[in-house]
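In what follows, a single structure is set out as C-alpha cells and then discussed.
The values are calculated or read from the model by the stated rules, or taken from the named source; none is laboratory data. These figures come from a predicted structure and were not determined experimentally. Virtual Cβ from ideal backbone geometry, glycine too; neighbours counted across all protein chains shown.
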Amino acid sequence: MSQSRQSVALLGATGSIGVQTLDVLRSELERFELVSLAGGEHLSELAAIAREFDVKRVAVKSETHRATLADLLSSDVTIVVGDEGLEELAREADIVVNAVMGFAGLPVTLGALAAGKRLALANKESLIAAAPLVAKVRATPGAQLLPIDSEHCAIHQCLASAPRRPGYPDVRRVLLTASGGPFRGWTVEQLKGATKDDALHHPTWSMGAKITIDSSTLMNKGLEVLEATALFGIDVDRVEVVVHPQSIVHSMVEYVDGSVLAQLSRPDMRLPIAYCLGAPDRLDHGYGRLDFSTPLTLTFEAPDLDAFPALTLAYEAARLGGAAPAWLSAANEIAVEALLADEINWCDIVPVVAATMDQYEAQDLDSLASLYENDDVARRRARASLKK
Ligand code: NAD
Ligand code: MG
C-alpha cells in the first residue's frame, strides 16, 4: 500500500451518511485507509464493517455494547467507550467524518478540530449547539471544517471565488435551498392531520429517521440556517431559504454585483461526502451527474412560514445567539424522539420547541460545562412541554 494514504475515522458508521461514506471509501482504497469506527447500535453491522476494512479501533456507547461487540471481533481490535472514546478516535485520524446523529456528536466535532484534523461534518447539531466553542477550536493549526450537509457543501464551493475577508462583505446573500419536504403545499389545517408515516416519506432524499422528520417540519432548514451562520460567519439576515422541490440546486450565493453562483447535481450525498474527503482534489466518480440532454425544470418559491413556523423559531434563535441555538436543537431532539416513539403527534413537534424557547433567558456559551448545563435544562423543559 502506498505511504501517502490518509487515515479516516468514520464515527456514526452504521447510519445513512455512514453507509454512503463506506461506499465512497470502497472505491478509494488507494487514497484512504479507514482506521476507526463508531456506532450507537446495530453492533453486528458495526462488526461486519470492522472486519471488511480491517479496522482496529471502534467506539461504542456503553460497557454493555463493548462486551457484545468484543464477542463479534478478534481480540486485536480495541474497543473504546462513551464520549471519551469518541473524542479519542476523533483526535487520531487525518480525516474525521462526523456522521453521528444529534448532540451526541459533540465530542467528535470538538476533538477533531482541537487536534488539528480535517473534520468532514455531517452532524450539524454539534456545530449549531456549540458554535462559540467550535469557533475557538477551529483556530487550531491544521484544523479544517468541511461541511457534508449538501447545502453547505454547495455554499462552501460557491464561496471559493469570494475574497477571504471575515464575514464575506462581497456576498449579498446566501440562498439555502429546501426541497419543502413531504408536506410542501399543505395548509395549516391539513397539517393538523399529518402523521409520522407521512413525515417519514421524503420526496427527494433517503436519510436517517431524525433528519427525515426534521425535513418534514422544515426544522432541518432552520437548523441549516444556524449551521450556515456558524460555518461561514455570515450574519443570519443574509441567509435566505428558497424552496426548490427538485433538489438539484443544492444552494446558491449571490454576490453584491448581482452574480448568483450555484452548485448542481442530482441528490446523492456521496457527492458532498467525496468532496469533503478529497478536497481540494475532486474525486473522479460522477455521483449525481446530471443529464442535460433531457428536459430539466428547476423551480423556486418562497417557504410558507405560517405552515412551517420552525423556520421562524430558528431565525429567532440565531438572532438571540448565546445558548439559544443549543436550546432549539435540544428541544427539537426531544420532540422528534417523542414523535418516533408515538408519544406525540406530528403537529405537536414545533409547539414543544416553541414552548421550550419561550423559557429561554439570554446567556453566553463560554464553556463546555455551560453548554452541557444548557443542553440538560432545555431537554428537561422540552420533556415537561411534551406532557402539556
Ligand atoms: P442515522 O440515524 O442514519 O445514523 C446515525 C449514526 O450515528 C448511526 O451509525 C448511529 O449508530 C450513530 N450514533 C448515534 N448515537 C451515537 C453515539 N452516542 N455514539 C456513537 N455513534 C452513535 O443518521 P444520518 O441520517 O446518517 O445523519 C447523521 C448526521 O448527519 C445527522 O446529524 C444529520 O442531521 C446529518 N445529515 C444527514 C444527511 C443524510 O442524508 N442522512 C444529510 C445531511 C446531514
Ligand atoms: Mg441538508
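Taking the numbered list (1) touching a Ser or Thr at 6+ places or on another chain (Cβ under 9 Å); (2) within 16 Å of ligand 2 (Cβ to nearest atom); (3) in contact (Cβ under 8 Å) with a residue 40 or more places away in the chain; (4) not aliphatic (A, V, I, L, M) in turn, Phe183 passes all entries but (2). Residues of the stretch 208-230 that are near ligand 2 (Cβ under 9 Å from one of its atoms) and either surrounded by fewer than 23 Cβ atoms within 10 Å (Cβ to Cβ) or closer than 14 Å to Glu337 by Cα (or both): Ile211 alone. Would you pick out the residues in the stretch 121-175 that are away from ligand 2 (no atom under 16 Å from the Cβ), among the β-branched types (Val, Ile, Thr) and assigned by TED's automatic domain parsing to the domain that holds Ser215? Listed by number, the list holds a single entry, Val171. Can we say Tyr315 is under 23 Å from the mean Cα position of the chain (by Cα), surrounded by 15 or more Cβ atoms within 10 Å (Cβ to Cβ) and in a loop (DSSP other than H, G, I, E, B)? Judged against the criteria, Tyr315 is not a match.
Considering only residues in the stretch 19-51 that are assigned to a helix (DSSP H, G or I) and free of Cβ contacts under 8 Å to residues at least 24 places away in the same chain, the one that is nearest to Val100 (Cα to Cα) turns out to be Val19. Every condition in (1) surrounded by fewer than 21 Cβ atoms within 10 Å (Cβ to Cβ); (2) β-branched (Val, Ile, Thr); (3) not in a loop (DSSP other than H, G, I, E, B) is met by Ile155 except one, and the failing one is (1). Within the stretch 61-73, is even one residue crowded, with 19+ Cβ neighbours inside 10 Å, small (Gly, Ala, Ser) and either more than 16 Å from ligand 2 (Cβ to nearest atom) or over 19 Å from the mean Cα position of the chain (by Cα) (or both)? No.
For (1) at pLDDT 95 or above; (2) within 10 Å of ligand 1 (Cβ to nearest atom); (3) touching a Pro at 6+ places or on another chain (Cβ under 6 Å); (4) assigned to a helix (DSSP H, G or I), each residue gets a yes or a no:
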{"residue": "Asp71", "(1), (2), (3), (4)": "yes, no, no, yes"}
{"residue": "Asp76", "(1), (2), (3), (4)": "yes, no, no, no"}
{"residue": "Leu86", "(1), (2), (3), (4)": "yes, yes, yes, yes"}
{"residue": "Ala104", "(1), (2), (3), (4)": "yes, yes, no, yes"}
{"residue": "Gly111", "(1), (2), (3), (4)": "yes, no, no, yes"}
{"residue": "Ala120", "(1), (2), (3), (4)": "yes, no, no, no"}
{"residue": "Leu127", "(1), (2), (3), (4)": "yes, yes, no, yes"}
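The requirement of being part of a loop (DSSP other than H, G, I, E, B), touching an Asp or Glu at 6+ places or on another chain (Cβ under 7 Å) and closer than 20 Å to His285 by Cβ is fulfilled somewhere in the stretch 5-18, by at least one residue. On inspection, Trp186 fails the criterion of being at pLDDT below 95 and at negative phi.
Ala369 - would you say it is in contact with a helix residue (DSSP H, G or I) (Cβ under 7 Å, 6 or more places away or on another chain), assigned to a helix (DSSP H, G or I) and small (Gly, Ala, Ser)? In short, no.
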